[in-house]
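The values are calculated or read from the model by the stated rules, or taken from the named source; none is laboratory data. The structure presented is a predicted model; accordingly, all values stated were derived computationally and were not measured. Cβ placement follows ideal geometry from the backbone for every residue including glycine, while neighbour counts extend to all protein chains displayed.
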């Protein structure tokens, strides 16, 4: 599979939840509540990740770095990856 034409889960995650993109809004009056997080890696401290991630229709084709996914997403309880371009179950396994 050619991953250069798509985007990785980690790339999309970093883009969507980067502090530079806040307040992130979807519709009138909707925002994202970001609870305080424990100390972690410098990159993790720069992201505001809720426990429910919605990354549908983001053009995701691959997982990205498995260690980064584990560090960033250990607290995630729900994940919506619908309507992406993941066509390899191995990539899905790396994410979940």
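Please verify whether residue 21 is at pLDDT below 90, surrounded by 11 or more Cβ atoms within 10 Å (Cβ to Cβ) and in contact with a helix residue (DSSP H, G or I) (Cβ under 6 Å, 6 or more places away or on another chain), treating the condition exactly as stated. Break it down into steps so the answer makes sense when it comes.
Numbers: at pLDDT below 90: yes; surrounded by 11 or more Cβ atoms within 10 Å (Cβ to Cβ): yes; in contact with a helix residue (DSSP H, G or I) (Cβ under 6 Å, 6 or more places away or on another chain): no.
Judged against the criteria, residue 21 is not a match.
Scanning segment 61-84 for residues that are touching a helix residue (DSSP H, G or I) at 6+ places or on another chain (Cβ under 9 Å), farther than 16 Å from residue 18 by Cβ and surrounded by 14 or more Cβ atoms within 10 Å (Cβ to Cβ) gives 61, 62, 63, 69, 79, 81, 84.
Tell me which residues, restricted to segment 1-17, are at pLDDT below 80 and outside any helix (DSSP H, G or I). Those that are at pLDDT below 80 and outside any helix (DSSP H, G or I): 1, 2. Considering each residue of segment 46-60 in turn, at least one proves to be in a loop (DSSP other than H, G, I, E, B), within 12 Å of residue 95 (Cβ to Cβ), in contact with a helix residue (DSSP H, G or I) (Cβ under 8 Å, 6 or more places away or on another chain) and at pLDDT 90 or above.
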